[in-house]
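Okay, structure first, notes after.
The values are calculated or read from the model by the stated rules, or taken from the named source; none is laboratory data. None of the values given here were measured: they were computed from a predicted structure. Here the Cβ positions follow ideal geometry from the backbone for every residue, glycine too, while neighbour counts run over all protein chains shown.
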Amino acid sequence: MEVKQLLSGENFTVEYKKCSTALSNSVFETVCSFSNRYGGFILLGVDDDGTVLGVQKEAVSKIKKDFINTLNNPTKIRPSLFLNLEETEYDGKLILWTYVPVSSEVHYCDNKIYDRNGDADQDITKSTDLVANLFTRKSHTFYERQIFPYVTPEHLRLDLVPIVKKLVLLKNEQHPWKDMEPQELFKSAGLYEENLLTGQKGFNLAAVLLFGKDTTIQACLPAYRTDAVFQDINPDRYDDRIVVETNLIEAYDQLVQFVQKHTNDRFFLLDNVSTSIRDIIAREVVTNTLVHREYASAFPAKLIITKETLYAENWNRATTFGRLTPENFTPYPKNPLIAKFFMQLGRADTLGSGVRNLYKFTKIYSGSVPVLEEGDVFKTTIPLVSHGSENETIDISDTTESKILLFIKNNGAVSAVQIQREFGFKSRTSVQRHLTKLLSESKIHKLGAGKNTLYSLEP
């Protein structure tokens with residue numbers, strides 16, 4: 001445990017307790033909330049502002065004993081938790097600490113359910129929605145697989161089946177769905193299933209969301225909607241708005257078209273093909289909003305476009321907390337049936353590719369990186385302000401020279417040493433070979449001379 005790092009402030013996964021001579025009841029409320037959320041560290045002998053007060057040495061033995069006994073007292077904590085307090089010193093003062101892992105079960109403290117909200121322990125016992133969301137997070141089942149036994153083909157949009165087949169055949173001319181009847185296709189996609197535990201058969205929620213008539217969707221999932229808003233000048237009002245409550249196949253088209261309508265298009269050469277980077281970003285944002293949201297919640301999804309940003313948020317079955325990057329992101333399927341269906345349509349790639357694509361193409365589009373925040377609400381912020389001109393064309397194919405071009409574009413004037421470090425060239429000669437080729441084609445320009453030489457897109 002790195003004590004200094006943990007003393008930088010309380011947050012979702014760090015909590016301080018004074019407890020210099022005895023345990024307080026709030027310690028166990030925090031144990032409960034941490035086990036119900038993402039887990040976390042509890043530090044005893046530390047004030048709320050991070051000041052280390054220390055635990056009195058003569059009290060350590062009793063505090064440790066009381067901690068273990070209370071966690072195993074079913075009238076206090078249930079189910080029981082098996083944790084220990086460890087000792088460490090900081091600036092000559094004694095700190096007791098423990099790490100509370102996230103639990104697969106819902107835990108109670110004094111017959112109350114606590115959940116972590118920022119740096120606070122929140123009693124959610126009387127909140128039906130929050131308790132339901134907590135049990136959903138703990139559940140190993142997916143809400144998309146809830147079976148609706150009274151949904152029949154008459155409740156579905158069978159006219160969407162030819163559209164689906166057309167989309168999958170564009171990607172694979174020999175796709176197995178090509179000659180399937182609708183019912184066979186539904187079974188193949190996992191949209192019609194049998195629960196082997198209960199014997200229940202029928203269309204599941206994924207089928208309803210993908211193919212359901214609007215009235216069917218509203219009957220099965222009354223809170224389902226995606227609110228798309230465009231705000232041009234006044235942030236207190238909207239200049240354009242659509243409320244999407246239809247099936248996910250057509251909802252995707254409507255939301256992508258809304259983004260296209262209110263954002264600037266910019267084309268780049270991707271593997272020698274002129275490609276709309278804006279459309280790639282729109283696809284990833286919309287797909288994430290529709291495919292990876294937690295449909296068990298009544299929280300409405302939002303997509304908001306301003307002059308500066310494209311912002312989206314949806315309720316989420318979070319497995320971690322904080323900002324996501326390609327380096328720290330671990331893919332987790334939120335709705336695997338819907339995700340696989342979108343992959344067949346060519347509207348999604350492999351699991352986890354969305355984060356990588358948003359980082360890659362947002363940097364190309366606007367020169368900035370996206371902000372992806374994981375939590376109960378998943379938030380996506382895409383900067384739209386570009387440092388280049390509209391319809392600018394630059395080759396971003398996978399050749400080494402193209403990668404160097406993109407690196408120079410994103411970083412301005414750079415040196416050969418920077419390029420060597422970025423791409424891991426073993427020798428300066430290898431770098432110079434690629435730079436010489438780009439210089440000969442007038443794709444880059446040399447600034448300065450000797451050891452101070454820099455390379456830029458502009459002369």
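I need the full set of residues from region 14-37 which are over 20 Å from VAL102 (Cβ atoms) and touching a Phe, Trp or Tyr at 6+ places or on another chain (Cβ under 8 Å), in order please.
LEU23
Go through region 433-451 and give me each residue that's without any contact (Cβ under 8 Å) to a residue 24 or more places away in the chain and either more than 13 Å from THR400 (Cβ to Cβ) or in contact with a Cys (Cβ under 7 Å, 6 or more places away or on another chain) (or both).
LEU439, SER440, GLU441, SER442, HIS445, LYS446, GLY448, ALA449, GLY450, LYS451, listed by residue number.
Can we say GLU327 is in the same structural domain as ILE249 (by TED's automatic domain parsing) and part of a loop (DSSP other than H, G, I, E, B)?
Spelling it out, GLU327 is indeed in the same structural domain as ILE249 (by TED's automatic domain parsing) and part of a loop (DSSP other than H, G, I, E, B).
Please work out if LEU205 is more than 23 Å from the chain's Cα centre (by Cα), closer than 24 Å to PRO162 by Cβ and not hydroxyl-bearing (Ser, Thr, Tyr).
In short, no.
For region 53-73, enumerate the residues that are outside any loop (DSSP other than H, G, I, E, B) and touching a helix residue (DSSP H, G or I) at 6+ places or on another chain (Cβ under 9 Å).
Listed by number, the residues that qualify are PHE67, THR70, LEU71.
Considering ALA301, ALA339, ALA318, which residue is of a type in the set (A, V, I, L, M) and within 14 Å of VAL229 (Cβ to Cβ)?
From the options ALA301, ALA339, ALA318, the qualifying one is ALA301.
Consider region 299-314. How many of its residues are crowded, with 17+ Cβ neighbours inside 10 Å and at pLDDT 90 or above?
The qualifying residues number 11.
Anything in region 87-110 that is assigned to a strand (DSSP E or B) and over 21 Å from GLY45 (Cβ atoms)? List them, or say none.
TYR108, CYS109
Evaluate the following for ARG317: is it closer than 26 Å to ASN411 by Cβ and not assigned by TED's automatic domain parsing to the domain that holds ASP129?
Taking the combined requirement at face value, the residue does not satisfy it.
Evaluate the following for ILE113: is it closer than 16 Å to LEU43 by Cα and either outside any strand (DSSP E or B) or under 32 Å from the mean Cα position of the chain (by Cα) (or both)?
Here the answer is no, as ILE113 does not meet what is asked.
Looking at region 167-181, can you tell me whether even one residue there is within 26 Å of LEU221 (Cα to Cα) and among the β-branched types (Val, Ile, Thr)?
no
Just name the residue that is farthest from ASP47 (Cα to Cα) out of those in region 116-147 that are of a type in the set (Val, Ile, Thr) and part of a loop (DSSP other than H, G, I, E, B).
THR141
Look at region 339-374 and say how many of its residues are within 21 Å of ASN328 (Cβ to Cβ), in contact (Cβ under 8 Å) with a residue 24 or more places away in the chain and touching a strand residue (DSSP E or B) at 6+ places or on another chain (Cβ under 8 Å).
So the count comes out to 7.
Of all residues being in a strand (DSSP E or B) and of a type in the set (Ser, Thr, Tyr) in region 406-459, which is surrounded by the most Cβ atoms within 10 Å (Cβ to Cβ)? Just the residue, please.
Once the filter is applied, the top-ranked residue is TYR455.
Conditions: (1) aliphatic (A, V, I, L, M); (2) in a helix (DSSP H, G or I); (3) under 30 Å from ASP232 (Cβ atoms). LEU337 meets all but one. Number of the miss?
All conditions pass for LEU337, except number (3).
What's the number of the only condition in (1) buried (at least 18 other Cβ atoms within 10 Å of the Cβ); (2) closer than 27 Å to TYR332 by Cβ that LYS171 fails to meet?
(1)
Report whether or not LYS187 is at pLDDT below 95 and in a helix (DSSP H, G or I).
For LYS187, the condition - at pLDDT below 95 and in a helix (DSSP H, G or I) - is met.
So which residues in region 422-459 are aliphatic (A, V, I, L, M) and over 20 Å from ASN410 (Cα atoms), if there are any at all?
Passing the criteria: only ALA449.
Please go through region 51-91 and pick out each residue that is among the small types (Gly, Ala, Ser) and at pLDDT 90 or above.
Listed by number, the residues that qualify are GLY54, ALA59, SER61.
Using beta carbons and a limit of 8 Å, which pairs, at least six apart or on different chains, have the first residue in region 1-28 and touching a residue at least 12 places away in the same chain (Cβ under 8 Å) and the second one of a type in the set (S, T, N, Q) and surrounded by 18 or more Cβ atoms within 10 Å (Cβ to Cβ)?
The qualifying pairs are GLU15/THR30; LYS17/THR30; LEU23/THR70; PHE28/THR70.
For residues in region 8-28 being of a type outside the set (Gly, Ala, Ser) and surrounded by fewer than 19 Cβ atoms within 10 Å (Cβ to Cβ), which is nearest to GLY40 (Cα to Cα)?
That would be ASN11.
Taking region 380-437 as the search range and keeping residues that are of a type in the set (A, V, I, L, M) and within 30 Å of LEU290 (Cα to Cα), which one is modelled with the lowest pLDDT?
The qualifying residue modelled with the lowest pLDDT is ILE396.
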